[in-house]
Structure formats: C-alpha cells, structure tokens
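Written out below as structure tokens is the structure these notes cover.
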Amino acid sequence: MRFLRHAIFAIATAAASPALADLTLYSGRGEPLVAPIIAAFTAQTGITVNVRYAGTAELAVLLQEEGTASPADLYWAQDAAALGAVVELFAPLPEALVAPVPAAYRDSQNRWVATSGRGRVLAYSTQRVAQEDLPASLFNLTDPKWKGRIALPATNGSFHAHVTAMRVIHGDETTRDWLEGIAANAPVAVRNNTALIQAIGDGEADIGLTNNYYLSRFLQRDTDFPVSQTLFSTDGDIGNLLLVAGMGVLATSPRQTEAQAFIEFLLSPAAQQYFTGEVAEFPIIPGTIVTRTDINLDDVIRAAPDVDLNTIGDLEGTLDMIRAAGLL
C-alpha cells in the first residue's frame, strides 16, 4: 500500500482546513454492502466520506446533469456501463495506482478502475425447475414455457449493463427482439436482485438472471433455502457475462489525493478480502484468497463471452430500448 501511505502523508502535510480531508462519494452500490469498508477507510486514514446512495443509473444521469457543478469527488458504480456513460467526467488515475488491476478490468485510459467482480448467473427454484430443463442459453428465456415464471428486476443497474453488453455483442436488433420476447413472457417484476431470489424462494417465480453473490446471503441464513444457481451450459453465451463494480474520480474534484487514496484502499488486500469473503464477489487483484466452493471466477472466465468493458457505455440507449419493450 505504498501509494496509500504517500497519499496519507500528502494529506497530513497539506493545508490544515478540516474540509480538505472530506470526500463526497456518489454510490450506486448499496449501503449494507459498502458501508463497512467505507468506515474502515475512515478509521485508517481519518478521511471522512460523505455518501449519497442511489441507483447506479440514477447517479450517472445526475452526474451528467450536474456537470462541472457536481459536488461529487468519486462515483462508485455497480457496473461498467454506467462508468462508461460518464467516463468523460473522470480524471485519469496514476498508473502506479491501477497497475495491480488487470487491464481488462479498467478503462483503457485509466479513468475508472474495477473494485470487485461479479458473474451473471441463472438462479432457479430447486423445487420447480429440474436441471435437465434449465435453458442452455440466455436466449432460451424467450421460450413460452417460461411465461409468468421469470423474475425480472428491470430497474437494476446490472441488468442494464447486461443488456448493453448484449447490444455490443449481438447488435440492437437481436437485443430488441430478446427484450420483446421477455416482455411477451410476462415476467414477474421485482425491485432488485435480493427480491429476485426471494421471489423464487417464495414460489412467485421460478427463474431469473442475477449476480452470483446474492444467493449466498440467503443460504447463510438457511442452508435449505430452495434456490440454486448456475451458469448457462453454452460457453461464451452472453448470459455468462462477467461484470465489475468500479470507481472513477471526478475531474472537477479538488481532493484528487484523498480520492485516489480511497481507491487505493479498495484495491488493498484487506478490502479485496472483504469483497470476496463478506460480499461474496470476485476479487479484482490476482492472488486474493477465495474460500467459497460455489461458482468461482475461473468458472465465469471460462464460460463468459469476450467483451471489452470499455465498449458498454451507451446506458441511455439501453434504457430507451428497455422502455420501448414495455419492461420499464
């Protein structure tokens, strides 16, 4: 953490204004997930982080509206699509800061960097869906046999990123057809990914696309919870997308040193272990110890489609397409 030590020294020797060490963070990541790691950063550095929590897409739109007048120093998004939508607002990060992160998990100009990874998976009811009936591809979810059985969090940022990646790989026409096919199957609308897992467990739906870490929280409370998850059996299928949560520093922030110190902290071994052990996400820094025995990063990388995360930035176009299909 040499970069962080240098940053903290610079902060300590800068002008003595108390406001200098305060950061304003716009977080599309939920408070229960990230508040503990933010508190740990403050405890270690003395830097106060004032957080505005909201949906990832909502905050991306807000940043665009605020422009150079935004009070935000940092933006933490739960997907690369939202980061790409506002990437022009970010300052490039020092190479020394982001060097530990593989190039595939950061902006090509280092304007944002991933903080953790997550695989898109298919959650399903172990009581009502036999393994031999599981769809082999995401595109099979438009089959009429799934009518009224799909839980869909259409307002969720990861879903938006997933659809944006589908547009990049398969084109707008194919993606539009898929969205219309999903709409024709009358999906069960749910608020978020947690609600998706709960809806399947409660029998309100049988199947749904989510991120790999949500189910683990239910299983920690109830090992017999009647939901499991899997990757689509077709390697390279768009359903097996590898997404990242990530962060950028606003170019207008007067607290570049403090903001970079926060990012360095999130990339530290302790923080990466937190994301892996407590949140059940995938680490971004190679060598992080992973103790889970369910779907792992190697599984996701093997099954994932080849997509450049820097190319999935047209969030507004995706939202328009989802609205046109009647899902929003």
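The values are calculated or read from the model by the stated rules, or taken from the named source; none is laboratory data. Predicted model only: the values in this text are computed from it and were never measured. Neighbour counts run over all protein chains shown; Cβ positions are idealised from the backbone, glycine included.
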Within the range 278-328, residues among the small types (Gly, Ala, Ser), at pLDDT 80 or above and part of a loop (DSSP other than H, G, I, E, B) come out as Ala280, Ala304, Ala325, Gly326
Residue satisfying condition, being within 22 Å of the chain's Cα centre (by Cα) and either basic (Lys, Arg) or under 20 Å from Lys145 (Cβ atoms) (or both), within set Thr230, Thr194, Thr234: Thr230
For the range 226-283, what are the residues that are over 16 Å from Pro100 (Cβ atoms) and small (Gly, Ala, Ser)? Ser228, Ser233, Gly236, Gly239, Ala245, Gly248, Ala251, Ser253, Ala259, Gly277, Ala280
Sort out for me the helices (runs of 4 or more DSSP H) sitting completely within the range 193-267 that have 2 or more residues that are in contact with a strand residue (DSSP E or B) (Cβ under 7 Å, 6 or more places away or on another chain), of a type in the set (D, E, K, R) and modelled with pLDDT of 95 or more. none
Which of the residues that make up the range 111-132 are surrounded by fewer than 15 Cβ atoms within 10 Å (Cβ to Cβ) and over 19 Å from Ala199 (Cβ atoms)? Ala130, Gln131, Glu132
Being surrounded by fewer than 20 Cβ atoms within 10 Å (Cβ to Cβ) and closer than 14 Å to Tyr124 by Cα is the filter; apply it to the range 209-218 and report the residue that is nearest to the chain's Cα centre (by Cα). Ser216
Take the range 256-280 and flag every residue that is among the small types (Gly, Ala, Ser) and without any contact (Cβ under 8 Å) to a residue 60 or more places away in the chain. Gly277
Only one of (1) crowded, with 24+ Cβ neighbours inside 10 Å; (2) closer than 24 Å to Phe90 by Cα is not met by Leu241, so which one is it? (2)
Considering only residues that are touching a residue at least 40 places away in the same chain (Cβ under 8 Å) and surrounded by fewer than 23 Cβ atoms within 10 Å (Cβ to Cβ), which ones fall in the range 74-88? Val87
Enumeration of residues in the range 86-113 that are at pLDDT below 95 and within 14 Å of the chain's Cα centre (by Cα): Tyr105, Arg106
Name the residue that is nearest to Gly119 (Cα to Cα), counting only residues in the range 150-165 that are in contact with a Gly (Cβ under 9 Å, 6 or more places away or on another chain) and not small (Gly, Ala, Ser). His162
